[in-house]
Amino acid sequence: MTKILVVDDSNSIRDMVSFTLKSAGYQTVEAKDGLQGLSAAKASSFDLVISDVNMPNMDGIALCSELRKLPNFKFTPILMLTTESSGDMKLRGKEAGATGWLVKPFNPEKLLATIKRVVR
Amino acid sequence: MSVDLSQFIPSFLEESFEGLELMESSLLNLEQGDDETINSIFRAAHSIKGGAGTFGFEDVTKFTHLVETLLDEMRDGRRDITPTDTEILLESVDCMRLLIEAARDNAEFDQEKVMQTSRRLTETLAGTLIKEEPSDIAVQVPNEGEMTYHISFIPEHSLAKTGNDPIFLFNALAELGKLTIKANTQKLPSLNDIDAQELYLSWQLTLISAVDEAEIIEIFEWVEDECELKITQENTDITEEEPKNHDNAEEPLESIEVEPVSSTQADISQSQKNNSNNEVDKAAGKSKGKAEVGSIRVGVDKVDSLINLVGELVITQSMLSELGNDFDMTKVEKLTNGLEQLLQNTKELQESVMRIRMLPISFAFSRFPRLIHDLAIKTGKEMELVIKGEQTELDKTVMEQIGDPLVHLVRNAADHGIETSEVRLANGKSAKGTISLDAYHQGGNIVIEISDDGAGINREVVFNKAVEKGLIEANVTLTDSQVYDLLFEPGFSTAAEVTDISGRGVGMDVVKRNIQSLGGRIQVDSTQGKGSCFKVHLPLTLAILDGQLVKVGTETYIIPLISIVESLQIDNKLINRVSGDMVLYRLRDDNVPILPIYQLFNLETECTEIDNALLVVVEADGQKIGLMVDDLLAQQQVVIKSLKDNYQQVTGISGATILGDGSVAMILDIPGMISMALKQAQQVQLDKNGRESSKRGELV
């Protein structure tokens, strides 16, 4: 079963993303900031990581570059969930090794359609 | 596939209100260069914007976007943080709260205020770059029939290192139409030279589809910097081939970007129209919405202890049931121990469950720093707020209802209590006044203190005002506390002129009534020139009551322990029969009317003699009365069941409970009983006067 790590500091967003993914038959693990996400990633492997950018403790960009240092996550798709669609944001994400980004407002159908570009 | 997310709205709302509180308190402490604080404010706004967009709360999204833009500039150091900006942001927080509340209740909001603030925000932002998010909606190209797209996709060798895999991109493309793929293997090195982590292939794709180019570009949007992508289209209608440069942000979207001000205004006038349509429906929806939203966030530790206790209860239960399987008298001691344990378990479980409803009072206190900040500006006085005992816990319902009375008391302290800096300095005080909020537990109650180091209550002014208003006679002598109680009389206001902060004269009596309806009381202390202190005593919870069980005839009644002053056996020498019906009892300096409960409720009892009877002295509304009872039984905690919900409201009774033996006992409503007794006494007096005058007629 496809296993997805969802990292977001907002409970409601995290719940929604997770709910959407689960209802589409994915398995999810949730983390509420970059640090938690990183330790979840170290403890297990995932088929996809979806992470918010603005978070306390460790932001999404830092999480992404940390994940890319882990052997298990060298090629794992990492999507940034962000409202910031500015080019700058995308560039920073890319530099940190992000696969792509999902632009908020969060839309369940779009999320499911989009992640098909990176997972089976 | 459609996913319904409406179930997440309550948690979004809760989170947003928390976010707003955080924004507010952080803004009050915001200083230049405090990156962490400004970041956390930004994050809060950002989350609210994101969530609001998801649920379609467009007013919230639009407004918050402006706020976020301003915060972003501050965060990046592009803008200095001035007090004016902080003011605007605080105002914006208010507006966001209004907007979110309106969205929650599906109701209207104060358009004037939101419009003003959004104008101020835009003015502040003007001159600096206003970032508008490119819309997700791509520019529509009218399409007739299908088109053939030729896509040349040459990825960089390192493409896979960002987690992108071309196969998924092709799968996504295939969903758009008919796709043919041709791989170019020319660059593939010999097997020995292959690095398994690199990508050597490139592809020529042909897609026959009705979608427009933007959708194809979107599929490649994550890899556009890491590949060479060329899309050309053939179309029977449009034969021109234009190699498009897809730089997302710039030209094509410019036309649909909207100036924030005008968009907000347009929206507001739009919703104004909608709102005026049927206000009644909206008002109805409002109250309904509020009731549904209620939820409690409970700490994991509380839930854990609950589960732990239930575990223990199960163990006790299984022990007892095993004991019952073959019980004989040798096991009585074991049984007693078991029952003891059960009692302990139940008690702990009850306490644990009650703790779930308890929240730290900081929830109610958190709005005051902002209030004081605003009041200081409005009144031009210097003042600061000191908060203590924020962690003191209180029932959620009590907390919700005590908020407004507390605001009133704090406003009063700021407006009437604290003097201007000049006056303070002239009186040898520091220029800055202090208002303190404190909360602590005191024997099953919570006490909230609102104190200030201001001018104190001027006894003379209060007294004269009360005489002027006809509340008291000019020649009575009153104790200090009696004078202070006058403040809570309806229609009383000492402020020489009414300000918009306080002093409309409708406040304090409402404050007192609200506190009383929660089963609490308020007490005033004041020293002229030194300051005043208002103490609000409240029960910790509305669901459970500490009660004294009393017996009258065959009935058992419960008197709330909080209202009992003392219980005593009547000393015949101290009885004072003023007239035949009114019996007073001399209790030290007070004369307390004796009210036999059997008379009030028309009960049969053997104990009708006042001499040597048992008297429970209770107090409400500053009035003491002695309730005559047959016997005093146990003191215990009782669970309050509402009479109104199960039967109907009864005067003199505040509720019912079920006792250990399964019988139902009524809980006495002391203020209600006192007014009932007074009415009865008046009635008796009237009847008697009538009788006496007719008698007199006969005699003469």
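Some points to look at:
Quick grid of which residues meet (1) within 7 Å of chain B (Cβ to nearest Cβ); (2) farther than 28 Å from B:N171 by Cα; (3) touching a residue at least 60 places away in the same chain (Cβ under 8 Å):
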position	(1), (2), (3)
A:T28	no, no, no
A:Q36	no, yes, no
A:T76	yes, no, no
A:K90	no, no, no
A:K94	yes, no, no
A:G97	yes, no, no
A:L102	no, no, no
A:P105	yes, no, no
A:A113	no, no, no
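- Breaking point among (1) farther than 25 Å from B:E226 by Cβ; (2) facing chain B (nearest Cβ under 10 Å); (3) assigned to a loop (DSSP other than H, G, I, E, B); (4) not aliphatic (A, V, I, L, M), for A:F19: (3)
- Options B:L70, B:L5, B:L22: the member that is open to solvent by less than 40 Å² (accessible area, probe 1.4 Å), within 14 Å of another protein chain (Cβ to nearest Cβ) and of a type in the set (A, V, I, L, M): B:L5
- Filtering B:D59, B:D76 for residues that are of a type in the set (D, E), within 11 Å of another protein chain (Cβ to nearest Cβ) and open to solvent by 30 Å² or more (accessible area, probe 1.4 Å) leaves a single hit, B:D76.
- Subset of the stretch A:6-47 (residues that are more than 23 Å from B:T54 (Cα to Cα) and of a type outside the set (S, T, N, Q)): A:L35, A:G37, A:L38, A:A40, A:A41, A:K42, A:A43, A:F46, A:D47
- Matching option when the condition is of a type in the set (K, R) and touching a Gly at 6+ places or on another chain (Cβ under 7 Å), among A:R68, A:R120: A:R68
- For beta carbons closer than 6 Å, sequence separation of 6+ or different chains, a first residue in the stretch B:27-51 that is in contact (Cβ under 8 Å) with a residue 40 or more places away in the chain and a second that is surrounded by fewer than 22 Cβ atoms within 10 Å (Cβ to Cβ) and among the basic types (K, R), the qualifying pairs are B:I38/B:R75.
- Filtered residues of the stretch B:311-339 (kept if open to solvent by less than 70 Å² (accessible area, probe 1.4 Å), closer than 24 Å to B:V353 by Cα and either touching a helix residue (DSSP H, G or I) at 6+ places or on another chain (Cβ under 8 Å) or aliphatic (A, V, I, L, M) (or both)): B:L313, B:T316, B:L320, B:G338
- Of all residues in the stretch B:637-662, those being part of a strand (DSSP E or B), β-branched (V, I, T), open to solvent by 20 Å² or more (accessible area, probe 1.4 Å) and farther than 23 Å from B:K679 by Cβ number 2.
- Among residues of the stretch B:414-455, those that are at positive phi and either open to solvent by less than 20 Å² (accessible area, probe 1.4 Å) or of a type in the set (D, E, K, R) (or both), counted: 0
- Counted residues, the stretch B:146-176 - those being in contact with a strand residue (DSSP E or B) (Cβ under 7 Å, 6 or more places away or on another chain), open to solvent by 30 Å² or more (accessible area, probe 1.4 Å) and either within 15 Å of B:C227 (Cα to Cα) or in a loop (DSSP other than H, G, I, E, B) (or both): 4
- Applying the set (1) within 14 Å of chain A (Cβ to nearest Cβ); (2) crowded, with 17+ Cβ neighbours inside 10 Å; (3) among the charged types (D, E, K, R); (4) within 24 Å of B:S25 (Cβ to Cβ) to B:D94 leaves exactly one unmet item: (1).
- Qualifying residue in the stretch B:102-116 (condition: of a type in the set (D, E, K, R) and open to solvent by less than 60 Å² (accessible area, probe 1.4 Å)): yes
- Candidate set from the stretch A:1-16 (those that are more than 10 Å from chain B (Cβ to nearest Cβ) and open to solvent by less than 20 Å² (accessible area, probe 1.4 Å)); member that is farthest from the chain's Cα centre (by Cα): A:I4
The values are calculated or read from the model by the stated rules, or taken from the named source; none is laboratory data. In this text, all values refer to a predicted model and were calculated from it rather than measured experimentally. Cβ: placed from backbone, ideal geometry, glycine included. Neighbour counts: every protein chain shown. All accessible areas refer to the heavy atoms of the entire protein, side chains included, with ligands and DNA or RNA removed. Shrake-Rupley method; radii C 1.70, N 1.55, O 1.52, S 1.80 Å.
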